[in-house]
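So the structure is just underneath, and the comments pick up after that.
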Amino acid sequence: MLAIIGGSGLTRLSTLAVAHREVVRTPYGDPSSTLLFGQIAGRDAVFLARHGHGHTIPPHRVNYRANLWALKEKGASAVIAVASVGGIRGCLPGDLVLPHQLIDYTSGREATFFDGGEGSVVHADFTHPYSPELRAHCLAAAAAAGIALADGGVYGAVNGPRLETAAEIDRLDRDGATLVGMTGMPEAALAREAGLPYCAICVVVNHAAGRGDSAAQVSMEGIARVLESGMDRVRALLDHVAPRIGTAP
Ligand code: HPA
């Protein structure tokens, strides 16, 4: 079953025909929202709103462990995360980008299921953080649907909730990050630890701080405008991705 974690602008998934909802408790506390189970394009799917259904949980307060644990526990076999990001290089506001790599700048978040105590020490391989198979499904679905989806990008995960300084964005750029967002980690790593194939569809909602029309400041009105149209395309894309899950890419 495909799991979708919706971010800002995607707290509801209108294309999901909801069959039932479930409040899940986990050893790590409560997930961000009730889980919505149903069908997308006739395929079983589950939806979780990363920031809560009312969009009240900031990125640094998201219980990423509870979210991933709940999805795994309830039968998810793959996770597609949807996230809004700032564009640093090679992309423009409005673009959809499927990153192939990430750099983690977050700190102070509960970032592992392998926290010592019982069992042996585990180091999950994370060389390629995003599932190549899931990425291939997304790219094929985008091509079939005629939806532009850029293949590749490096997601720089920052703590937030404040936006970055121009110098911080310059540093991320020098590091090789092409996108910047606040929720990509530890979500991706926890999915890996849980054995869940994971990829992220990113909606570029603004030029990163100091770049393009964010040279002087990042406009919240601009973000809101781009977010809505971007998420409409993401919903359409997910309709084409869902039937491919579980098939060979
Ligand atoms: N920076 C960090 N996170 C973001 C941004 C940004 O510019 N835009 C959307 N999420």
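Could you check residue 11 against (1) under 15 Å from the mean Cα position of the chain (by Cα); (2) buried (at least 22 other Cβ atoms within 10 Å of the Cβ) and say which number it fails?
In the conditions (1) under 15 Å from the mean Cα position of the chain (by Cα); (2) buried (at least 22 other Cβ atoms within 10 Å of the Cβ), residue 11 misses (2) alone.
Considering only residues of the stretch 68-99 that are in a strand (DSSP E or B) and among the β-branched types (Val, Ile, Thr), which is farthest from the ligand (Cβ to nearest atom)? I'd like the intermediate steps shown before the answer.
Taking the stretch 68-99 and keeping what is in a strand (DSSP E or B), we get 78-87, 96-98.
Remaining after also requiring among the β-branched types (Val, Ile, Thr): 79-80, 82, 85, 97.
Details: 79: 19, 80: 18, 82: 12, 85: 5, 97: 12 Å.
Only one residue fits best here, namely 79.
Answer with yes or no whether residue 110 is in contact with a Pro (Cβ under 7 Å, 6 or more places away or on another chain) and not small (Gly, Ala, Ser). Don't jump to the end; show me each part of the working.
Numbers: in contact with a Pro (Cβ under 7 Å, 6 or more places away or on another chain): no; not small (Gly, Ala, Ser): yes.
Against the criterion (in contact with a Pro (Cβ under 7 Å, 6 or more places away or on another chain) and not small (Gly, Ala, Ser)), residue 110 does not qualify.
State which residue pairs qualify: first residue over 16 Å from residue 71 (Cβ atoms) and inside the stretch 5-17, second residue of a type in the set (D, E, K, R) and in a loop (DSSP other than H, G, I, E, B) in any location, beta carbons under 9 Å apart, and separation of 6 or more residues or different chains.
8/50; 11/50
What about residue 107, is it among the hydroxyl-bearing types (Ser, Thr, Tyr), closer than 29 Å to residue 214 by Cα and in a loop (DSSP other than H, G, I, E, B)?
Details: among the hydroxyl-bearing types (Ser, Thr, Tyr): yes; closer than 29 Å to residue 214 by Cα: yes; in a loop (DSSP other than H, G, I, E, B): yes.
Spelling it out, residue 107 is indeed among the hydroxyl-bearing types (Ser, Thr, Tyr), closer than 29 Å to residue 214 by Cα and in a loop (DSSP other than H, G, I, E, B).
If I ask for residues that are within 12 Å of the ligand (Cβ to nearest atom), surrounded by fewer than 18 Cβ atoms within 10 Å (Cβ to Cβ) and assigned to a loop (DSSP other than H, G, I, E, B), which ones from the stretch 206-249 would you list?
Hits for the stretch 206-249 are 217, 219.
Please work out if residue 123 is more than 14 Å from the ligand (Cβ to nearest atom), over 14 Å from the mean Cα position of the chain (by Cα) and crowded, with 24+ Cβ neighbours inside 10 Å. Working first, answer last.
Details: more than 14 Å from the ligand (Cβ to nearest atom): yes; over 14 Å from the mean Cα position of the chain (by Cα): yes; crowded, with 24+ Cβ neighbours inside 10 Å: no.
Here the answer is no, as residue 123 does not meet what is asked.
Which of the helices (runs of 4 or more DSSP H) contained wholly in the stretch 128-205 include at least 3 residues that are surrounded by 22 or more Cβ atoms within 10 Å (Cβ to Cβ) and in contact (Cβ under 8 Å) with a residue 60 or more places away in the chain?
Numbers: elements: 132-145, 166-175, 187-193.
Where helices (runs of 4 or more DSSP H) fall fully within the stretch 128-205 and carry at least 3 residues being surrounded by 22 or more Cβ atoms within 10 Å (Cβ to Cβ) and in contact (Cβ under 8 Å) with a residue 60 or more places away in the chain, they are 132-145, 187-193.
Sort out which residues of the stretch 55-67 are open to solvent by 50 Å² or more (accessible area, probe 1.4 Å) and assigned to a helix (DSSP H, G or I), and write them in order of number. Spell out the reasoning first.
Quick first cut of the stretch 55-67, residues open to solvent by 50 Å² or more (accessible area, probe 1.4 Å) only: 55-56, 60-61.
Scanning the stretch 55-67 gives 60, 61.
The values are calculated or read from the model by the stated rules, or taken from the named source; none is laboratory data. This one's a predicted model, so the numbers in the text were calculated from it and none came from an experiment. FYI the Cβ positions are ideal-geometry reconstructions off the backbone, even for glycines, and counts take in every protein chain you see. These area figures cover heavy atoms from the full protein model, side chains too; ligands, DNA and RNA do not enter into them. Shrake-Rupley method; radii C 1.70, N 1.55, O 1.52, S 1.80 Å.
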